[in-house]
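Structure first, commentary second.
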Amino acid sequence: MFTRRNIFLAGAAAAALAIRFRPQPAGAAPTFEVTHSDAEWRKLLTPAQYNVLREQGTEPAFSSPLLNEHRTGTFACAGCDLPLFSSKTKFESGTGWPSFWKPLDNAVITAADNSLGMVRTAVACRRCGGHLGHVFDDGPPPTGLRYCMNGLALKFVPAAA
């Protein structure tokens with residue numbers, strides 16, 4: 001049923017989907033240290049990685065091999081190799097996605113995400129702008145945060161022996 005309220009809500013949802021991690025003037029491209037054309041990103045990433053990192057998709061819960069990665073090392077961006085999370089901050093959240101209570105310093109950026117009728121905080125790689133997942137305030141001490149990341153957006157780099 002088309003009511004003014006429903007039309008307003010649909011417009012608000014569309015506007016929320018248009019929000020990017022770094023608002024830019026109309027027609028300006030976001031500026032990140034690592035940039036590629038859309039065609040280059042498609043060559044560098046698998047279709048599933050492209051969907052998550054470049055189109056803000058989400059992988060199915062419990063589908064990532066990184067969910068069960070327990071070795072010492074670093075989780076880096078699958079798009080640009082920037083180290084993002086230490087294995088020391090990884091914890092078992094039970095949500096089905098790799099979860100961390102803290103990113104590495106100067107590794108991620110965040111932005112409001114009001115898509116899908118929810119209020120969330122989206123997390124992206126600060127170097128390439130790739131979508132990683134979301135952060136919630138229901139994590140363990142000492143931060144109380146849960147960085148719920150898509151495994152497809154990450155790659156694990158084991159610590160040197």
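Below are the figures for this structure:
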item	result
Net charge, R42 excluded, C-beta distance under 13 Å - Lys, Arg +1, Asp, Glu -1	-1
Partner aspartates and glutamates for K102 [C-alpha distance under 12 Å; skip if fewer than 8 residues away on the same chain]	D137
Surrounding net charge for S64, when Lys and Arg each add one and Asp and Glu each subtract one, Cβ distance under 14 Å	-1
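Since every read-out is calculated from the coordinates, none of them should be taken as a lab result. Just so it is clear, the structure is predicted and the values come from calculations on it, not from any experiment. Note that we place each Cβ from the backbone using ideal geometry, even for glycine, and neighbour counts take in every protein chain shown.
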